[in-house]
Amino acid sequence: QVQLVESGGRLVQAGGSLRLSCAASGRTFSSFAVGWFRQAPGKEREFVAAIHWNADSTYYTDSVKGRFTISRDNAKNTVYLQMNSLKPEDTAVYYCATSFRWVATTTRHYNYWGQGTQVTVSS
């Protein structure tokens, strides 16, 4: 079992920055790839970014490339999502999740999920 807790979401103006954190407890965190997903009201949950278990590889959806950076600190059992140049269309609940696959971009390949953190970007 892995427990994940996201934090860092809040209201921010367009063009601003946020750093989300995903803190893990339980099973060895470094064994998993970790992904960030987001879900806007009325839309399906979509893949945002993922990081390999040893942090040597990352993968992003096209809409966030160059603006978002995923990183991890296995010693702290934490994965981060640095979000810069935020846009109103980035507004969503952001979730982190773990996966045994690399690289997985669909929800069905992720086994443990956090409760989500709300990010709201005002125009």
When segment 32-68 is checked residue by residue, the ones that are of a type outside the set (D, E, K, R), closer than 20 Å to THR106 by Cα and open to solvent by 70 Å² or more (accessible area, probe 1.4 Å) are PRO41, GLY42, TRP53, TYR59
Six or more apart or on different chains, Cβ under 9 Å: which pairs go from a residue in segment 93-121 that's among the basic types (Lys, Arg) to one that's open to solvent by 30 Å² or more (accessible area, probe 1.4 Å)? Could you list them? ARG101/HIS109
Can you pull out every residue in segment 1-15 that is part of a strand (DSSP E or B), closer than 17 Å to ARG38 by Cβ and open to solvent by less than 60 Å² (accessible area, probe 1.4 Å)? LEU4, GLU6, SER7, VAL12
If I ask for residues that are on the phi > 0 side of the Ramachandran plot and modelled with pLDDT under 95, which ones from segment 43-87 would you list? ALA55, ASN77
Counting only residues in segment 73-123 that are closer than 22 Å to ASN54 by Cβ and charged (D, E, K, R), the one least open to solvent (accessible area, probe 1.4 Å) is identified as ASP73
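The values are calculated or read from the model by the stated rules, or taken from the named source; none is laboratory data. What you are looking at is a predicted structure, and each value in this text was computed from that prediction instead of being measured. Don't worry about glycine lacking a Cβ; one is built from the backbone with ideal geometry, like all the others, and counts go over all protein chains shown. These area figures cover heavy atoms from the full protein model, side chains too; ligands, DNA and RNA do not enter into them. Shrake-Rupley method; radii C 1.70, N 1.55, O 1.52, S 1.80 Å.
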